[in-house]
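One structure below.
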Amino acid sequence: MATRVTHLIPTDPPEPVSRSVGARPTDRPASQTLDRGLRVLEHVSEAGVALSVAEIARQLGLHRSITYRMLRTLEDHGLLSRDERGRYQPGAGLAVLAGRFTPQLRAIAGPHLLRLAITAEKTAFLVVRHGAEVVTVEVVEPPTAAAHVSYRPGLRHPVDRGAPGIALLAGSPAIPGERAEVERARRTGWTTSSSEVIQGFRAVAAPVYDRTGACRAAIAVVFAGRAELPSLGNLVLQSAEAVGKDL
């Protein structure tokens, strides 16, 4: 008689159950499955290269079978795709979602970013704050410059690092222990940084205030080498003010 050997594929552990109304553990996400899926999506999107199932599982510390199910679900929704070797990379669905993010702000800022990029001959971009991070939502590269820095939407970094983050913090009320550059940016209207986000590159940024006085975003330019900072700072500030007036 033949013997059948059954291999049990590990499944996700059950979600924690609250024992009282409103009670929920604070040291884990409300949905562990959703949290894992989002972690996988973020990891693949930020990798810069296509990754295999094994690589993703190892780098995130997840079981390979769980990782595979997450990847297939994300692929089914168009958020991830596979290259010719079967490795996973960002899918076209991400671009669709990104296009729906802050559409009015991006549409208003676009022409101003283009003028700034042409005038400064540097890559100009728009950032917004997302929790403790800065997220780049729009990028315009100078069409006539002989050379420029290539930047991409979706780039994220801590809000307390780099000129764009400092500009966003300058648009918020002062808090104890904040960087001296934040207070200086409140006084001058713009700020600068060097090698804080990407080694070897500099940035100049200014906060964007809407008509109510709320800081909605920040405009920045990124470049390598030297620049006349006061004039460049004022140019970025003028662009930020122009966007704010149109909001």
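Read-outs throughout are calculated quantities, based only on the coordinates presented, and are distinct from any laboratory measurement. This is a predicted model, so every value here is computed, not measured. Heads up, the Cβs are rebuilt from the backbone with ideal geometry, glycines too, and the neighbour counts pull from every protein chain shown.
A few comments on the model shown:
- Most positive-pole-ward Cα, 32, 80, 128, against dipole of the chain from beta carbon charges: 32
- On the principal axes of its alpha carbon atoms, the chain extends 86, 50, 31 Å, with the longest extent given first.
- Distance between the stretch 37-78 and the stretch 179-247 - C-alpha centres, whole angstrom: 36 Å
- MRE, 222 nm, helices only [DSSP H, n ≥ 4, -39500 (n - 2.57), over the chain, to nearest 500]: -12500 deg cm²/dmol
- Where N is the number of residues in the stretch 32-94, Cα Rg divided by 2.2 N^0.38 Å: 0.96
- Count Lys and Arg as plus one, Asp and Glu as minus one, and take only other residues whose Cβ is under 15 Å from that of residue 115; the net charge is then -3.
- For the stretch 131-172, the alpha carbon positions stretch 36, 18, 14 Å along the principal axes, listed from largest to smallest.
- Placing a pseudo-label 7 Å from each Cα along the Cα-to-Cβ vector at residue 198 and residue 141 gives an inter-label distance of 1.0 nm.
- Calculated FRET efficiency for the pair residue 34/residue 226, C-beta based, R₀ 51 Å, to 0.05: 0.60
- Gaussian network model of the chain, springs between alpha carbon atoms under 10 Å - residue of 233, 225, 162 with greatest fluctuation: 225
- Length-normalised contact order for the stretch 101-246 - Cα pairs under 8 Å, 6+ apart - percent: 23 percent
- Mean Cα-pair separation over length for the chain, i.e. relative contact order, pairs under 8 Å, 6 or more apart, %: 13 percent
- Residues 219, 56, 66, sorted so that the one with the fewest Cβ neighbours within 10 Å comes first: 66, 56, 219
- Taking 10 °C and 1.306 mPa s as conditions, the stretch 108-247 diffuses translationally at an estimated 110 µm²/s according to Stokes-Einstein applied to its Kirkwood radius (Cα pairs).
- Where labels lie 7 Å past Cα in the beta-carbon direction, separation of residue 212 and residue 46 in nm: 3.0 nm
- Potential lengthening between residue 54 and residue 68 on full extension [0.36 nm per residue; Cα-Cα distance subtracted]: 4.2 nm
- Equivalent-ellipsoid semi-axes of the stretch 79-178, from the Cα gyration tensor, Å, largest first: 26, 21, 14
- Total charge dipole magnitude, the stretch 32-94, about the Cα centre, Cβ charges on Lys, Arg, Asp, Glu only, Debye to nearest 20: 240 debye
- Charge dipole (the chain, unit charges on Cβ, about Cα centre) - positive-most of 65, 45, 208: 65
- Spin-label model distance (nm) - residue 183 vs residue 130, 7 Å beyond Cα toward Cβ: 3.2 nm
- Residue 47 sits among other residues whose Cβ lies under 12 Å from its own Cβ, and their net charge, with Lys and Arg +1 and Asp and Glu -1, is -2.
- The loop-placed trypsin sites (Lys or Arg not before Pro) in the stretch 96-201, going by DSSP, that have at most 12 neighbouring Cβ atoms within 10 Å of their Cβ come out as 100.
- Charge dipole magnitude, Cβ of K and R +1, D and E -1 - the chain, Cα centre, debye nearest 20: 360 debye
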